[in-house]
Amino acid sequence: MVFSSALCIFSLLALVQAQSESQQPKIQLRLAGDKVKHYEGRLEVFYNNEWGTICDDDFSIEAAHVACRELGFLGAVAWSPSAKFGQGEGRIWLDNVHCTGGEKSLAECPSNGFGVSDCRHSEDVGVVCNQKRIPGHSELNRVSNLLQRVEEIRIRPISSHLKRLPISEGFVEIKERGKWRQICDEHWTPLNSRVVCGMYGFPGEKKYSNKVFKSLSMRKNKNYWGFSVNCTGNEAHMSSCRLGKALVSKRNGTCGRGLPVVVSCVPGRAFAPSSSTGFRKAYRPEQPLVRLRGGANIGEGRVEVLKNGVWGTVCDDNWNLRAATVVCRELGFGSAKEALTGAKLGQGMGPVHMNEVDCSGFEKSLTDCYFNNDALGCSHEEDAAVRCNIPAMGFQKRIRLSGGRNPYEGRVEVLTEKNGSLVWGTVCSENWGMMEAMVVCRQLGLGFASNAFQETWYWAGDASADNVVMSGVRCSGTEMSLPHCLHHGKHISCPRGGGRFAAGVSCSDMAPDLVLNAQLVEQTTYLEDRPMYALQCALEENCLSSTAKKNDHSTYRRLLRFSSQIHNVGQSDFRPKLGHHAWTWHECHRHYHSIEVFTHYDLLSLNGTKVAEGHKASFCLEDTQCDEGIQKRYVCANFGEQGITVGCWDTYRHDIDCQWIDITDVKPGDYILQVVINPNYDVAESDYTNNFMKCKCRYDGYRIWTYQCLTGELRIIEGLLKQELPMMRSNTQSS
């Protein structure tokens, strides 16, 4: 009898709880505002067909835990009062929220009631959630914040037979309860299209053609999604847009007088199709004002700005998705997926050009945004970076690595058309190098190249793909896929054949990046007349011009000396390609060379002709000094490990052997001093374009002046130097 009574009480309690849950308001949550990460932002509630905010009065970490779990995260890390992520709009739905932390929804927590608040939007609450998701919850790139039952959105081509890469025009469709539905265009705006295009990697949108409109007017569809969407145009994803009111026409499933939403996106110039190949080759703007450096994949990197001919970085103070999206669209990508802070993609060098950037989101360039010129409080540890949405080009499906010990290495195999069908085959390894490997790793989305292999006998690839299907590959390193590189057409030429000589690569998500301190070169340049009897070891190591004679001890050589300081600003240590056992011993200087040629020093005429040269072997590649808080790892003494740690630099002083250019035979005049680091690409780097430095030089036969030393992309340096070459030539002729 006691058992029966207890069972009745338990059943009654369960019934009361079920009724209580059924009476709770149904809400949805989203993270909005000026956020940097997808797991943080202003906390907003969708209630009664309207989005609103939550007041920070009495809010707690327990309430933040409930909200983050409701959004699909494991919990909360922190919460923020006083509209840290910007002030919201519309209703303030909740105030004085009290949660214990065990509730399944914020709707279960006691509060003043929905819409009962004495707060202003300056008190909007924000949360930072744990990055990890609850297992089984919808993925982050889903549009679950619009409605929990909405799973995904896509752009579907209007014509099923149309096969483009990328797809830039089509119906906007939403997946709901496993079914794809179109959106009625009655309340659709160009700002909505802008957001959708940005999500899919396109910088802009346009009106679709009249032909498309006519074909749409002939269609009748009863499979529409029941809501409208209201975007401001600044959202990085449609999930951040406001949900409009339910459409009246939803009752009969039609769109009233409207038609299904179609977007027509404008690809960036790097992704625009061309008439001949279907895609443009690597696009390089003539004179960019903004660039990305240090990123492992297309569309990501440290943000750098060109000012007065010098590249500098952007401080991460107030850096957010809105500013990051301006950068992404300016460079021909879509909206920003992430605005990175704290030098997550490596530290830059030189000045910090911009601080406290404030963008409206519609600027054509980051340089059009408001910003603070004063960056005295910023260091390169605060360099801002971005990750952008890029179009789905399908490049990854046409290449693979086979036989490797892990997914990051293996024999390169490409998919190509042969006799009307697609077949897998290998790539000829003749002249295969780091530039080609960089393109392969980028195409696969595996980051940077760490090695390029011309023999792959130790990797047993797919036997059916042994035949060589691509040869004569020559890449600049900036291409998006291997077919974009120069290569032989249908007529394959590979004397060594495939098999064990097929090309291979290994990739890494991190790489070093060497940059020369141009200012130190400019400050330390001078001339020295040195007797030949003191240069015999240098002569043996080919550090003098060809006119120097071995046994001529009575003459002097005129040497252009300078110091070089080489920084590693990448994300991994710079190490010699060869191990100890393969280092070269030089008896005269009695030291080992870990890299035979580490730098090239050249003196060029104003038309680019080489008039004198030198080179520096890395007989001692070590950490001379490091940034504060970083420990030295590499010391050459006692046959030690050689390398340059991230955040450290190796200094070659002006007074050591071979740290010069022999200009004995050079006539007085105006010249260009050029220094190239890692000229043979012996060691992988994340960025080779900043391995160049050029200075203007004037030599009067007795003294030398070096000025305007610039480090960076070679074509930019040459463009800046050419602006003054006519004046230099005129001065040379008059003197």
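The values are calculated or read from the model by the stated rules, or taken from the named source; none is laboratory data. Bear in mind the structure is a predicted one, so any value in this text is a computation, not a measurement. Here the Cβ is made from the backbone with ideal geometry for all residues, glycine too, and neighbour counts use every protein chain on show. What goes into the accessible areas is simple: the full protein's heavy atoms, side chains included, and nothing from ligands, DNA or RNA. Shrake-Rupley method; radii C 1.70, N 1.55, O 1.52, S 1.80 Å.
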**Message:** Can you list residue pairs whose Cβ atoms sit under 9 Å apart, with the first residue in region 376-393 being of a type in the set (Lys, Arg) and the second being surrounded by 22 or more Cβ atoms within 10 Å (Cβ to Cβ) and modelled with pLDDT under 90? Count only pairs 6 or more apart in sequence or on different chains.
**Reply:** 387/295; 387/337; 387/339; 387/340; 387/345
**Request:** Would you mind listing the strands (runs of 3 or more DSSP E) fully within region 325-421 where at least 3 residues are open to solvent by less than 50 Å² (accessible area, probe 1.4 Å)?
**Result:** 336-340, 352-358, 385-388, 399-403, 409-418
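Let me confirm something: among 253, 233, 258, which residue is modelled with pLDDT of 70 or more, open to solvent by less than 30 Å² (accessible area, probe 1.4 Å), part of a loop (DSSP other than H, G, I, E, B) and on the phi > 0 side of the Ramachandran plot?
On the way: 253 fails: modelled with pLDDT of 70 or more; 258 fails: on the phi > 0 side of the Ramachandran plot.
Matching residue, one of 253, 233, 258: 233.
If you scan region 359-368, which residues turn out to be farther than 28 Å from residue 514 by Cβ and out of contact with any Cys (no Cβ under 6 Å at 6 or more places or on another chain)?
As a first pass, look at region 359-368 and keep what is farther than 28 Å from residue 514 by Cβ: 359-365, 368.
Residues satisfying the conditions are 360, 361, 362, 364, 365, 368.
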**Request:** Return yes or no: is residue 649 of a type in the set (Phe, Trp, Tyr), open to solvent by 30 Å² or more (accessible area, probe 1.4 Å) and closer than 27 Å to residue 694 by Cβ?
**Result:** yes
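I'd like the full set of residues that are open to solvent by 10 Å² or more (accessible area, probe 1.4 Å) and either without any contact (Cβ under 8 Å) to a residue 40 or more places away in the chain or not aliphatic (A, V, I, L, M) (or both), limited to region 62-79.
The first filter runs over region 62-79 and keeps only residues open to solvent by 10 Å² or more (accessible area, probe 1.4 Å), leaving 62, 65, 69-71, 74, 76-79.
The answer is 62, 65, 69, 70, 79.
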**Complete:** Here the qualifying pairs (Cβ atoms under 7 Å; residues six or more apart or on different chains; first in region 224-237 and within 22 Å of residue 39 (Cα to Cα) and acidic (Asp, Glu); second open to solvent by less than 20 Å² (accessible area, probe 1.4 Å) and not in a loop (DSSP other than H, G, I, E, B)) come out as 235/195
**Request:** Filter region 422-440 down to residues that are outside any strand (DSSP E or B) and of a type outside the set (D, E, K, R), then give me how many there are.
**Result:** 10
**When residues of region 181-199 are limited to those that are within 30 Å of residue 363 (Cβ to Cβ) and in contact with a strand residue (DSSP E or B) (Cβ under 6 Å, 6 or more places away or on another chain), the one modelled with the lowest pLDDT** = 187
**Request:** Among what's in region 683-735 and is at pLDDT below 85, over 27 Å from residue 646 (Cα atoms) and among the aliphatic types (A, V, I, L, M), pick the residue that is nearest to the chain's Cα centre (by Cα).
**Result:** 720
**Request:** Please work out which one of (1) touching a Lys or Arg at 6+ places or on another chain (Cβ under 7 Å); (2) surrounded by 21 or more Cβ atoms within 10 Å (Cβ to Cβ) is the condition residue 626 fails and give its number.
**Result:** (2)
**Request:** State whether the residues of region 475-494 include one that is open to solvent by 70 Å² or more (accessible area, probe 1.4 Å) and of a type in the set (Ser, Thr, Tyr).
**Result:** no
**Asked** In region 161-180, which residues are farther than 13 Å from residue 262 by Cα, open to solvent by less than 70 Å² (accessible area, probe 1.4 Å) and at pLDDT 80 or above?
**Response** 180
**Request:** Considering only region 303-316, state which residues are more than 13 Å from the chain's Cα centre (by Cα) and either modelled with pLDDT of 90 or more or open to solvent by less than 30 Å² (accessible area, probe 1.4 Å) (or both).
**Result:** 305, 306, 309, 311, 312, 313, 314, 315, 316
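Looking for whichever is modelled with pLDDT under 90, in a loop (DSSP other than H, G, I, E, B) and of a type outside the set (Lys, Arg) here; the options are 476, 464. Which one fits? Before the answer, list the steps.
On the way: 464 fails: in a loop (DSSP other than H, G, I, E, B).
Result of the check over 476, 464: 476.
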**Request:** Might you check whether a residue that is of a type in the set (Phe, Trp, Tyr), closer than 30 Å to residue 438 by Cα and open to solvent by less than 30 Å² (accessible area, probe 1.4 Å) occurs anywhere in region 633-641?
**Result:** yes
**The one condition in (1) part of a loop (DSSP other than H, G, I, E, B); (2) open to solvent by 10 Å² or more (accessible area, probe 1.4 Å) that residue 519 fails to fulfil** = (1)
**Prompt:** With (1) free of Cβ contacts under 8 Å to residues at least 12 places away in the same chain; (2) buried (at least 20 other Cβ atoms within 10 Å of the Cβ) as the list, and residue 539 as the residue in question, which single condition is left unmet?
**Reply:** (2)
**Fill in**
With the first residue restricted to region 456-473 and required to be charged (D, E, K, R), and the second required to be surrounded by 18 or more Cβ atoms within 10 Å (Cβ to Cβ), Cβ contacts under 6 Å at 6 or more apart or on different chains are 462/402; 466/498
**Matching residues in region 25-65 - criterion: being over 17 Å from residue 113 (Cβ atoms) and part of a strand (DSSP E or B)** = 28, 29, 30, 31, 32, 40, 41, 42, 43, 44, 51
**Asked** Across region 660-706, what is the total count of residues that are open to solvent by 20 Å² or more (accessible area, probe 1.4 Å), acidic (Asp, Glu) and out of contact with any Ser or Thr (no Cβ under 7 Å at 6 or more places or on another chain)?
**Response** 2
